[in-house]
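The values are calculated or read from the model by the stated rules, or taken from the named source; none is laboratory data. Keep in mind that this is a model prediction, so the values were computed, not measured. Cβ placement follows ideal geometry from the backbone for every residue including glycine, while neighbour counts extend to all protein chains displayed. All accessible areas refer to the heavy atoms of the entire protein, side chains included, with ligands and DNA or RNA removed. Shrake-Rupley method; radii C 1.70, N 1.55, O 1.52, S 1.80 Å.
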Amino acid sequence: MRFRFNKETILWLRDILGAELEPTCNRRKSISALNQVLLTIRFLATGAFQQLVGDTFGVHKSTACLIIQRVVRKIAALKPQYIKMPTQAELQHVKLGFYRLRRMPNVIGAIDCSHIRIESPGGLEAEVFRNRKNYFSINIQAVCDANIKILNIVARWPGSVHDSTIFNDSALCADLENGRYGDGFLLGDSGYACRSFILTPLIRPQTAPETAYNNCHKATRNPIERCFGVLKKRFPCLSIGLRTKMETTLTTIVACCVLHNLAIIANDEEPPRDPEIVLPPEVNEIHVQNNVRIFNNENSAVRTSLIRTHFG
């Protein structure tokens, strides 16, 4: 409960990072790689101030800060190894995972964005981080498979930036446009434009096949919703909000996503909610409808063909 991982997974992470984290001297107060990992994981698992986490481990706030920065950088550096889109050999396995949910063919990922709370960064451009729910955030984009394993992550855009803008600017969009994944496509919500490589639900289904498509689309895209839910439950710092410098904040978000995938690989159970952690009331999460962009592309050839051949 306190560290959000099983003991074996923590030791595995220590083994992955240990050689780079172990102290290089034999001073009496040197902090072992295991304790550095535990201190960092405890920070991610609580969202507490670094001073409080340092007190728990008996180290000064400045030491705790340096340890957290060092360890999250090391974990985030594992991103190319643990967060990556499937290779050609793996595509069929990913498609099969989604097909088993509701028999939707050729799905290679579910895509969505989620807001991570931050403190106001200050400066002249601080307001670009205020999202449509009226709090400061980083808008992160993620793609996951049917087992909620993260395949792609983009964590660098201010909260005011729309989901479709993030996707259109991403390397993943360019890869899909260039046909890197063949006839595979992503499933997104109505915040994305419907294209040959990203299918969205129909805004106003008129026929039984169109309604069946929408129901299948919703159920097949559900893993990305669960992915964000599990990610924020395992790491409450992402819900409570990060109070670190912007560079460390972005690195921490990526590190949490890497740890999320490590937990899935290790078959860690979803952690219970820590009763000592109090999430902030959502008093500021007021939807501002005039800033919501919904695309209504009812004439997508790929989507029309899919409805006719698989739901007709």
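Can you tell me the 0 to 90 degree angle between the C-alpha axis of helix 88-102 and the longest principal axis of the chain, rounded to 10?
Helix 88-102 sits roughly 70 degrees off the main axis of the chain.
Could you give the length gained on full extension between Ala212 and Phe57, defined as 0.36 nm per residue of separation minus the Cα-Cα distance, in nm?
Residue separation times 0.36 nm, minus the Cα-Cα distance, leaves 50.4 nm.
For Glu22, Glu125, give the ranking by accessible area with the largest first, probe 1.4 Å.
If we order Glu22, Glu125 from most to least accessible, we get Glu125, Glu22.
Rounded to the nearest 10 Å², what accessible area does Glu177 show when all protein chains are kept and the probe is 1.4 Å?
100 Å²
If you wrap a convex hull around the Cα atoms of the chain, how much volume per residue is inside, in Å³?
Roughly 149 Å³ of hull volume per residue.
Compute the relative contact order of the chain as a whole-number percentage, counting only Cα pairs closer than 8 Å that sit 6 or more residues apart in sequence.
23 percent
Considering only protein heavy atoms, with the full assembly of protein chains and a 1.4 angstrom probe, order Arg221, Arg100, Arg130 by accessible area, largest first.
Ranked from most to least accessible, the order is Arg100, Arg130, Arg221.
Calculate, axis by axis, the spread of Cα positions in the range 134-178 along the three principal axes, and write the results as whole Å, longest axis first.
Taking the Cα atoms of the range 134-178, the three principal extents are 33, 26, 13 Å.
Note down the nm distance, to one decimal, between modelled labels 7 Å out along Cα→Cβ at Gln88 and at Arg180.
It works out to 1.4 nm between the two label points.
Report, as a whole number in µm² per second, the diffusion coefficient that Stokes-Einstein gives for the range 164-244 at 25 °C and 0.890 mPa s using the Kirkwood radius over alpha carbon pairs.
Result for D is 165 µm²/s.
Might you tell me the accessible area per residue for the chain, computed with a 1.4 Å probe and given in Å²?
Averaged over the residues of the chain, the accessible area is 50 Å².
Heavy-atom accessible area of Thr207 with all protein chains present, probe 1.4 Å, nearest 10 Å²?
For Thr207, the solvent-accessible surface is approximately 70 Å².
Taking all protein chains in place and a 1.4 Å probe, what share, in percent, of the accessible surface of the chain do carbon and sulfur account for?
Of the solvent-accessible surface of the chain, carbon and sulfur hold 50 percent.
Check the straight Cα-Cα distances from Lys84 and name the lysines below 23 Å, setting aside those fewer than 8 residues away within the same chain.
Correct list for Lys84: Lys74, Lys95, Lys149, Lys232, Lys233.
Please identify, among Arg102, Arg204, Arg273, the residue showing maximal mean-square fluctuation in a Gaussian network model of the chain using a 10 angstrom Cα cutoff.
Arg204
What span do the alpha-carbon atoms of the range 58-164 cover on each of the three principal axes, reported in whole Å from largest to smallest?
Cα spread of the range 58-164 along its principal axes, largest to smallest: 50, 37, 22 Å.
Per the Debye formula with a single identical scatterer at each Cα and no solvent contribution, what log10 I(q)/I(0) holds for the range 32-118 at q = 0.23, 0.25, 0.26 Å⁻¹?
Rounded to two decimals, the profile gives -1.06, -1.18, -1.23.
Given a 1.4 Å probe and the protein chains all in place, what does the accessible area of Asp175 round to, in Å² to the nearest 10?
40 Å²
In Å, what Rg and Dmax follow from the Cα atoms of the range 212-268?
Every Cα atom of the range 212-268 included, Rg and Dmax give 14.4, 47 Å.
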